[in-house]
Amino acid sequence: MSDLPPGFRFFPTDEELVVHFLSRKASRLPCQPDIVPFLDLRRFDPWQLNGKALQGGNHCYFFSHATVNKVSPSGYWMPVGAKETVTSGDKDVGTKTTLVFHIGEAPLGVKTSWVMHEYRLLEDGAAVPSSRTNRNSSSSASRARGNKRPDLNLAICRVQEASFFGVEETELSCLDEVFLSLDDLDEISMPY
């Protein structure tokens, strides 16, 4: 990050993450500037990403291998909702999966406010199943033969600690705290 100009902000759209970063990295093409690191997701809990992943506002960005079981030292990532399609122009280029971090062992873990969006490339117009290992494109033997197929087992991830009610967490002013404490007076019974 030290080679970047002052005032640099990293706030890519879903399309930009897939087309400009993931697609190039998966195809083993240079990505300039090469600022998004590769991390083994299994080695880190979400609160440990600061300083290891690229920070963009309150988001952390990194490449990782897509795996079925996203287990970390303290918990696991659980998918929520349906996969979304990422488009560029009128072409489907990737998928976006939303996952929530749970502390503990599956399926009894405690849900946290940590959210991850995992982006993957499409193959032949269909999402590559997360259980696929794509041995041919990731082996050194196939690279030696000149196989230029994209590594479809690669993902780019965006992680953030979600705020409640869609509002960013901020410090309250003294006046705000006074007004909020007045609401508590209704619950206090005063002797008459």
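Could you state, as a whole-number percent, how many of the C-alpha pairs of the range 47-115 are farther apart than 13 Å?
73 percent
Counted residue by residue at 0.36 nm each, then reduced by the alpha carbon distance between them, the extension gain from Glu16 to Val68 reaches 16.3 nm. Once you order the gyration tensor axes a ≥ b ≥ c over the Cα atoms, which shape class does the range 1-108 get: rounded for a/c under 1.5, otherwise prolate or oblate by comparing a/b with b/c? Judged from the Cα gyration tensor, the range 1-108 comes out oblate (a/c at least 1.5, b/c at or above a/b). Accessible surface of Asp34, taken over heavy atoms with a 1.4 Å probe and every protein chain present, rounds to 110 Å². In this structure the amide hydrogen of Phe62, modeled in the peptide plane, comes within under 5 Å of the amide hydrogens of Cys157, none closer than 5 places in sequence on its chain.
The values are calculated or read from the model by the stated rules, or taken from the named source; none is laboratory data. What you see is a predicted model, and the numbers here were worked out from it, not measured in a lab. Side chains included, ligands, DNA and RNA excluded: accessible areas come from the protein's heavy atoms. Shrake-Rupley method; radii C 1.70, N 1.55, O 1.52, S 1.80 Å.
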